[in-house]
1. Restricting to the range 9-19, and then to whatever is within 17 Å of residue 339 (Cβ to Cβ) and within 27 Å of the chain's Cα centre (by Cα), can you tell me which residue is surrounded by the fewest Cβ atoms within 10 Å (Cβ to Cβ)?
2. Given the structure, is residue 400 in contact (Cβ under 8 Å) with a residue 24 or more places away in the chain, part of a helix (DSSP H, G or I) and of a type outside the set (A, V, I, L, M)?
3. Would you check if there is a residue in the range 206-217 being among the aliphatic types (A, V, I, L, M) and touching a residue at least 60 places away in the same chain (Cβ under 8 Å)?
4. With respect to residue 407, determine if the residue is under 23 Å from the mean Cα position of the chain (by Cα) and in a strand (DSSP E or B).
5. In the range 139-167, how many residues are among the hydrophobic types (A, V, I, L, M, F, W, C) and more than 16 Å from ligand 1 (Cβ to nearest atom)?
6. Tell me whether the range 69-81 contains one or more residues that are away from ligand 2 (no atom under 16 Å from the Cβ), exposed (fewer than 12 other Cβ atoms within 10 Å of the Cβ) and not in a strand (DSSP E or B).
7. Could you check how many residues of the range 344-358 are of a type outside the set (D, E, K, R), away from ligand 1 (no atom under 16 Å from the Cβ) and either outside any loop (DSSP other than H, G, I, E, B) or crowded, with 21+ Cβ neighbours inside 10 Å (or both)?
8. Only one residue in 65, 58, 22 is surrounded by 19 or more Cβ atoms within 10 Å (Cβ to Cβ), of a type in the set (Lys, Arg) and either within 16 Å of ligand 2 (Cβ to nearest atom) or modelled with pLDDT of 95 or more (or both), so which one is that?
Amino acid sequence: MSHDFPVRRARMEYVCMNCGRRHPVDALLYTCPDCGGVLLLEDLDFDEMKEKGAQYWRDLFDARRATRTSALRGVFRFYELMAPVLEEEDIVYLGEGDTPIIEASAELEKKVGRRFAYKNDGMNPSASFKDRGMAGAYSYLKSLVRRNGWKEVLTICASTGDTSAAAAMYGAYVGAPIRTVVLLPHGKVTPAQLSQPLGSGAQVLEVPGVFDDCMKVVEYLAEHYRVALLNSKNSWRVLGQESYAYEAAQWYGWDMAGKALFMPIGNAGNITSMISACLKMHRLGIIEELPHIVGVQSEHADPVWRYYSTPKERREYHPVTVQPSVAQAAMIGNPVSFPRVRNLVDRFEAAGGRFDVVQVTEQAIMDSMILANRHGHIACTQGGESFAGMLKADELGLLGREEFCILDSTAHALKFAGFQNMYFEDSFPAEYGVKARPELVNHPKLLLTAEERAALPEGEFTRAAALAVAEAAGLDARA
Ligand SMILES: *Cc1c(COP(=O)(O)O)cnc(C)c1O
Ligand SMILES: [Zn+2]
């Protein structure tokens, strides 16, 4: 065991978001055994951390940035805030977390008229933020396997693409007794996303329909069979994803005043994690002010926006039927974590935090993603959604003049290259409602056909091609 592995251990419990009952964490629960509600994990001894004072924790997490203890290099840099029940040998680290925050390019900032930055969660090992949660879920699962001596564990998840990529990668790394099955909506994940669980050797099963259909199937399986569910119903995943907010606060010197965190909402696990993490830091005084948190949804999958855009006294939650969305990883009509969001937002607002949800068009998502990437960023379509959300919030007057925005690009742009392609070809099927803006389109240009090359005299290709490049790129000859 490493000398710097934390000594703090705590008692943890699942708390039901529906009936409020509590359950021990010695079993893997997805829903409340009493009422079926979704759960969150709670550290019963959390307030003991106050005794040491906020500065102690800030200093500890800052010092830990240099650790050579693998278990503490990733999301568990913030071990004491997350899962102080895990042992070092249980923790799986594959390079997740510690993703860069990149200030918007000067040109882009000028165009937009506001200061902001991207946090590139596509820089995680399977190229999305889901790795943060999987490190949490797999570490807990490993601890269960160790303590119970299980000989076989079958994990399963429904996915819009990235959960299955992450689940399969961590499962493959941990190996026996873990076996991974992923369930995908046929044709509704990108080719890059599909290649990931296949490459990791998971069993990839598909059904016709959308994510919400797959979610119901795995929920049925979790109820009737012995499987470990790795969707964000699994509250250990939500816990791992809290690390994003801890890292963001740490990067800005634990000062969240005047800052807004923007992120897409799909199944609402990620936004649950953000709110929960901010509340914890605030409760300990690690941050003195809560940030502004803004969730973003496409008009084609917007149940959370619909709820929060209704005046408080008339709010009612209704799932929606999704329409095709370029923010495909967030194309979810009945977010599993909605009860968690509702519960945490109340606490967040009571603690003085500001929470908004904005709705954006498919067109705005695509235009924003391409604009960001033309300025050196690596936004996926959901990262475009965060950007579009900032523009929308600005337009609606929800942002202060000097408010600094941190946009979550939840995955790597490369996973969603197909949507960029459709934009550049202006070939979006009508149901997306996206038209290419000519000034954002880019195409490769073939300068010489193979026949033209074959027809050139011997030894003339280099010069002919160079002339064609010079002409196409408008190069000036050397004097
Ligand atoms: C899963 C996912 C989302 C949606 O996150 P939720 O936690 O389901 O709200 C957004 N973007 C990407 C790239 C994702 O993989
Ligand atoms: Zn309950």
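The values are calculated or read from the model by the stated rules, or taken from the named source; none is laboratory data. Being a predicted model, the structure only gives us computed values, none of them experimental. Counting neighbours? That spans all protein chains shown, and the Cβs are built from the backbone with ideal geometry, glycine included.
1. The qualifying residue surrounded by the fewest Cβ atoms within 10 Å (Cβ to Cβ) is 18.
2. Criteria not met by residue 400.
3. Yes.
4. yes
5. Counting residues in the range 139-167 that are among the hydrophobic types (A, V, I, L, M, F, W, C) and more than 16 Å from ligand 1 (Cβ to nearest atom) gives 7.
6. So far as the range 69-81 goes, no, none of its residues is away from ligand 2 (no atom under 16 Å from the Cβ), exposed (fewer than 12 other Cβ atoms within 10 Å of the Cβ) and not in a strand (DSSP E or B).
7. Residues meeting the conditions: 2.
8. Answer to the selection: 58.
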